[in-house]
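**Q** Below you'll find the structure I mean.
The values are calculated or read from the model by the stated rules, or taken from the named source; none is laboratory data. Just so it is clear, the model here is predicted, and its values are computed rather than measured. Here the Cβ positions follow ideal geometry from the backbone for every residue, glycine too, while neighbour counts run over all protein chains shown. These accessible areas exclude ligands, DNA and RNA; they are computed on the full protein's heavy atoms, side chains included. Shrake-Rupley method; radii C 1.70, N 1.55, O 1.52, S 1.80 Å.
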Amino acid sequence: MNASRLVLGIFAIGLAATFYVTALGYPDKAANIPLIYSVVVALLGVAMVGQEVFSSVRRRQVSANGAAPSHPNDAATEEAPASGQTSQRKPWKAMLAFLLAALYLYSISVLGYLIATVGFMVVALAMIGHVSWRFAAIGIVLLVTVVCAVFIGFLGLPVPLLPPLLSS
């Protein structure tokens, strides 16, 4: 069983539940999108946990039937990437992304939406490392524009765009 995937799935379910409960206090119009995202993240977390539990049960059944791999590590090496260093770093990147998201949510109240979002996206995309900076810049601008259009333009909600010190 891949313990890091299991922990990540459980963490995603807990995070989704927290956001769901928080979104229940929002006005009806504003609560729809966070509620939908919370349910989707929770379902993805349940799927991840279910997949790990199911694959672990299946491996045990196969080994109980006598069709076990010749070496106990054969099943683990099927799923592992070729480089040992990469396989050790990936679970930490995923957990770091969740912690970064929590820091991002807190930083919106301190830095404002624009600065916090751009900073979060730059750090997250640098951590991932598979995206060119030109494509990342286009994506960041599009994300900020769409979110501002939805929350400010369509829903008419007050979004703290700038830090409280600058907006006063």
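**Q** Based on what the data block shows, is ILE36 β-branched (Val, Ile, Thr) and in contact (Cβ under 8 Å) with a residue 12 or more places away in the chain?
**A** Considered against the rule, which asks whether it is β-branched (Val, Ile, Thr) and in contact (Cβ under 8 Å) with a residue 12 or more places away in the chain, ILE36 comes out as no.
**Q** Please name all residue pairs, on different chains or six or more residues apart, with Cβ atoms under 7 Å, provided the first residue is in segment 144-168 and is open to solvent by less than 40 Å² (accessible area, probe 1.4 Å) and the second residue is in a loop (DSSP other than H, G, I, E, B) and aliphatic (A, V, I, L, M).
**A** Matching pairs, first to second residue: CYS148/VAL159.
**Q** With farther than 23 Å from PRO34 by Cβ, modelled with pLDDT of 75 or more and part of a helix (DSSP H, G or I) as the only criterion, which of ALA75, ALA126, ALA97 stands out?
**A** ALA126
**Q** Name the one entry in LEU43, LEU24 that is over 17 Å from ALA101 (Cα atoms), surrounded by fewer than 16 Cβ atoms within 10 Å (Cβ to Cβ), at pLDDT 90 or above and among the aliphatic types (A, V, I, L, M).
**A** It is LEU43.
**Q** Moving on. I need a count of the residues in segment 95-129 that are under 17 Å from the mean Cα position of the chain (by Cα) and open to solvent by 70 Å² or more (accessible area, probe 1.4 Å).
**A** Here the count works out to 7.
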